[in-house]
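To keep things clear, I will list the structure first and then write my remarks on it.
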């Protein structure tokens with residue numbers, strides 16, 4: 001027996017999402033079918049608004065509301081316009097904002113260089129970043145992930161920025177808070193050693 | 001090799017990864033004992049993961065794998081060699097990625113071949129200290145083709161079987177090797193190959209690495225060999241490779257900020 005078309009359609013739509021298999025998809029669909037509160041209408045509304053009411057900031061390419069040309073951060077006069085922090089994805093901006101310790105601007109690349117997957121320079125917002133250097137920028141902070149791809153992207157940007165006057169920095173890396181030295185890999189441990197800091201005598 | 005035990009411990013080379021679920025990664029590995037396999041590494045996108053650093057692409061690690069419902073699950077990982085010098089510059093990353101990409105494209109899942117595994121590890125080790133990394137890559141391509149059963153014929157004409165003489169020749173990917181000038185001229189798709197490039201390729205094909213590494217081809221000959229080998233590999237794979245264009249862009253970064261047009265590969 002086949003499921004009624006509206007149910008099957010929702011199951012198919014769910015299974016196209018990352019991390020959701022056919023079983024989870026049907027569980028979700030039947031849950032929504034059964035609920036009597038506003039879960040289903042609210043979800044439908046949120047889904048429609050997602051694409052309709054968002055766009056990318058013209059300057060930093062972070063996600064913003066569709067009625068804005070530039071995002072709230074780029075628009076904020078209190079932010080330091082001489083520093084740009086380069087990140088892979090919009091979610092990284094929110095992670096850094098949560099620290100409350102950064103007051104400069106951002107630039108979202110929307111991906112990382114991956115030689116094996118064939119993601120190249122032209123697939124990322126790299127030219128747009130280079131174009132922003134004209135605006136009195138003094139420092140670029142490369143905050144791509146500490147992975148092979150993130151490092152390759154940072155190295156590439158470092159090379160492209162080598163001739164300019166801006167200071168190029170990379171986020172420090174080392175041992176995570178609450179970590180365990182004996183489980184650290186060579187790469188992390190070596191960088192933690194290289195980046196060791198003088199202990200303040202209190 | 002069919003897997004009877006529930007867990008297995010094997011040296012492995014990490015080929016690629018893809019993010020799945022909340023904080024997991026699906027890895028493509030080339031293992032010494034099982035060949036190419038897919039395996040899940042749980043929680044490795046969390047900063048405190050004890051496995052993450054041991055599972056980056058082109059890391060040589062010892063892995064403890066457990067049989068999951070559909071896929072293998074990585075329960076322990078310990079780096080044997082992270083090839084740190086290769087990670088410190090873009091050319092190194094490009095060359096190592098190329099080694100990985102060829103293995104990934106040319107092998108099928110669950111067909112073990114420890115010789116391919118050891119060749120890849122040795123190649124990455126050689127790249128770390130190579131004065132001429134391109135020579136290491138050409139040697140690797142020819143050895144890999146030997147192990148895969150695609151060894152190009154470089155000694156006699158692929159059509160008339162005549163012994164190849166010391167002069168410019170032709171190469172036909174379709175015929176799997178060199179053609180003499182007579183046969184080459186009339187074979188569609190055959191491309192010219194200079195005597196010098198052919199001599200180096202023959203030298204690499206029949207020497208061990210120590211003998212091979214004394215060769216010092218001129219830059220033009222290097223380019224010719226690179227284009228020829230990539231033409232042959234692309235023909236065998238029936239699709240383009242991703243890393244060569246990355247390597248070319250990096251190479252031109254030294255001389256100019258403009259990215260050159262890609263060399264046509266067909």
* Structure fact -> So the angle from the long Cα axis of helix B:243-253 to the longest Cα principal axis of chain B, reported in degrees to the nearest 10, equals 80 degrees
* Would you mind calculating the relative contact order of chain B from Cα pairs under 8 angstrom and at least 6 residues apart, reporting the percent as a whole number? => 13 percent
* Folded to 0 to 90 degrees: helix B:133-148 orientation relative to chain B principal axis, Cα -> 80 degrees
* Asked: For a paramagnetic label modelled at 7 Å from the Cα of residue B:150 toward its Cβ, which residues of segment B:52-90 fall within the zone defined by backbone nitrogen distances under 18 Å?
  -> none
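222 nm [θ] for the protein assembly as shown, helices only, -39500 (n - 2.57) per DSSP H run of 4+, per residue, to 500? Show your work: numbers first, answer last.
On the way: 17 runs with 185 residues, N = 468.
-12000 deg cm²/dmol, from helical runs alone.
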* From other protein chains only, count the Cβ atoms within 10 Å of every residue's Cβ in A:183-193, then give the mean. => 5
* Pick from B:54, B:95, B:252: which residue has the top mean-square fluctuation in a GNM of chain B where Cα pairs under 10 Å get a spring? -> B:252
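In whole Å and largest first, what semi-axes does the C-alpha gyration tensor of the protein assembly as shown yield when each eigenvalue is scaled by 5 and square-rooted? Kindly include the intermediate steps, with their values, before the conclusion.
Working: eigenvalues 374, 177, 127 Å².
They are 43, 30, 25 Å, listed largest first.
Rounded to two decimals, what ratio of Rg to Rh does segment B:57-112 give with C-alpha atoms and a Kirkwood Rh? All intermediate terms of the calculation are to be shown ahead of the outcome.
On the way: Rg = 13.8 Å, Rh = 13.2 Å.
My calculation of the ratio gives 1.05.
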* Structure fact -> In whole Å, largest first, the alpha carbons of segment B:110-266 cover along the principal axes 42, 41, 35
* Asked: With the contact rule set at Cα under 8 Å and sequence spacing of 6 or more, what percent relative contact order holds for chain A?
  -> 12 percent
* From other protein chains only, count the Cβ atoms within 10 Å of every residue's Cβ in B:81-94, then give the mean. => 3
* Cα centroid separation - segment B:15-35 against segment B:113-152, whole Å -> 22 Å
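Taking the number of other C-beta atoms within 10 Å as the exposure measure, put B:55, B:179 in order starting with the fewest. Numbers along the way, then the final one.
Numbers: B:55 23, B:179 26.
So the ranking, lowest neighbour count to highest, is B:55, B:179.
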* **Distance between segment A:142-192 and segment A:20-35 - C-alpha centres, whole angstrom** => 41 Å
* In whole Å and largest first, what semi-axes does the C-alpha gyration tensor of segment B:207-250 yield when each eigenvalue is scaled by 5 and square-rooted? -> 23, 14, 10
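Which value, in Å to one decimal place, does the Kirkwood hydrodynamic radius take for segment A:5-52 when every pair of different Cα atoms is included?
11.3 Å
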* segment A:1-136: percent of C-alpha pairs farther apart than 28 Å? -> 41 percent
* To do: Report, to the nearest 10°, how far helix A:90-99 tilts away from the longest principal axis of the Cα atoms in chain A, using its own Cα long axis and a range of 0 to 90°.
  => 60 degrees
* Using alpha carbon centroids, what distance separates segment B:154-220 and segment A:59-117, in Å? -> 53 Å
* **Inter-site label distance for residue A:110 and residue A:172 at 7 Å from Cα along Cβ, in nm** => 3.4 nm
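Once you average over the residues of A:174-182, how many Cβ atoms of partner chains fall within 10 Å of each Cβ?
On the way: counts 0, 1, 5, 2, 2, 4, 2, 0, 1.
Per-residue shielding by partner chains comes out at 2.
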* Asked: For the pair residue A:55 and residue B:191, how long in nm is the line joining their label points, each one 7 Å along Cα→Cβ?
  -> 4.6 nm
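Any chance you could list the semi-axes, whole Å, largest first, of the equivalent ellipsoid that the Cα gyration tensor gives for segment B:24-128, using √(5λ)? Intermediate results must be reported in sequence, preceding the final value.
Details: eigenvalues 93, 65, 25 Å².
Ellipsoid half-lengths, sorted descending, are 22, 18, 11 Å.
If a/c stays under 1.5 just call it rounded; otherwise compare a/b with b/c (prolate if a/b is bigger, oblate if not). Do that for chain B, with a ≥ b ≥ c from the square roots of the Cα gyration tensor eigenvalues.
Numbers: a/c = 2.26, a/b = 1.76, b/c = 1.28.
Prolate shape, in that a/c is at least 1.5 and a/b is the bigger ratio.
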* Structure fact -> Here, residue B:252 and residue B:209, labelled 7 Å along Cα→Cβ, have an inter-label distance in nm of 3.2 nm
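Please arrange A:61, B:246, B:209, A:94 by how many other C-beta atoms lie within 10 Å of their C-beta, fewest to most. Walk me through the intermediate numbers first.
On the way: A:61 20, B:246 26, B:209 15, A:94 12.
Fewest-to-most ranking of A:61, B:246, B:209, A:94: A:94, B:209, A:61, B:246.
Every number in this text was worked out from the coordinates using simple rules, so none of it is lab data. Predicted model, so just to flag it, every value in this text is computed and none were measured. Virtual Cβ from ideal backbone geometry, glycine too; neighbours counted across all protein chains shown.
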